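Colleague: After the structure tokens below, expect a handful of questions from me.
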Amino acid sequence: MTIDEPTGRTTDPAAESPTGPPADPTSLPDPWHTLHELLAAMDADIEQVYLARGIKGVRPRFAYPLIRLAHTGPLTIRELAASLDRSHSAISQTIAAMRKEDLVSSEPGSDARTRRIALTERGRSLVPFLEAEWRATHATVAELDGEIPHAMTAVVEEVRRALAHRSMRERVLDHLVEPPEPPEPRKPSGLSETSGTSEPSETSGASE
């Protein structure tokens, strides 16, 4: 809630507009927030496992590509993205972050236009622990699935099936209320497009 200085009145972004819905839709609870918050907290806890063993600068999202490269050998970013079923953009960003931590390096590919991503000595040395952590994390997820009424993995599959039946795009379009077109600006009365004061020509003026 804020105070409108000119009037001194309080304003609440969540307050309803005259037609009913809140004027600011971002003032409503975000249905994605708790999910993002949960995933971030889980990743942060896994990172603490790394730090407790003196492994610094390694993010949980690095484990998947590092383990895969250890088993496949050097790959191009495109090949690695396809192998992990991730987008080229996402893997490119991850590789850039891993390169900064001396986990991977690039080497010439089959032609001058390609570069292959390979593990550095540091990256390869971490793979045995990352594989152990990967298995432990999967066991933890299975344990959580057994403790809650609705298994997370089952819910994800149910959502996936529902979206396969009717896509997110179709669902959003069904709920989308397009804003009205803004009115065209009105022209001042009595003036036409060609009206106005003519400018004096360069040759106008008193003769010498």
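The values are calculated or read from the model by the stated rules, or taken from the named source; none is laboratory data. No experiment lies behind these values; they were computed from the predicted model shown. In this analysis, Cβ positions are derived from the backbone assuming ideal geometry, glycine residues included, and neighbour counts consider all displayed protein chains. For accessibility, only protein heavy atoms count, side chains too; no ligands or nucleic acids. Shrake-Rupley method; radii C 1.70, N 1.55, O 1.52, S 1.80 Å.
Colleague: Rank by packing, highest mean first: peptides 64-75, 144-155, with packing defined as the count of other Cβ atoms within 10 Å averaged across residues.
Modeller: Numbers: 64-75: 16.9, 144-155: 10.6.
With the highest mean Cβ count within 10 Å placed first, the list reads 64-75, 144-155.
Colleague: Relative to the present Cα-Cα distance, how much length would full extension add between M42 and A162 at 0.36 nm per residue of separation?
Modeller: Numbers: separation 120, 0.36 × 120 = 43.20 nm, distance 2.59 nm.
The span from M42 to A162 would gain 40.6 nm if fully extended.
Colleague: For region 86-151, report the accessible area per residue in Å² (1.4 Å probe, heavy atoms, rounded to an integer). Intermediate values should be presented prior to the final figure.
Modeller: Values: 4310 Å² over 66 residues.
Using a 1.4 Å probe on heavy atoms only, each residue of region 86-151 averages 65 Å².
Colleague: Put a dot 7 Å past each Cα toward the Cβ at S87 and V141; how far apart are the dots in nm?
Modeller: Distance between the two pseudo-spin positions: 2.0 nm.
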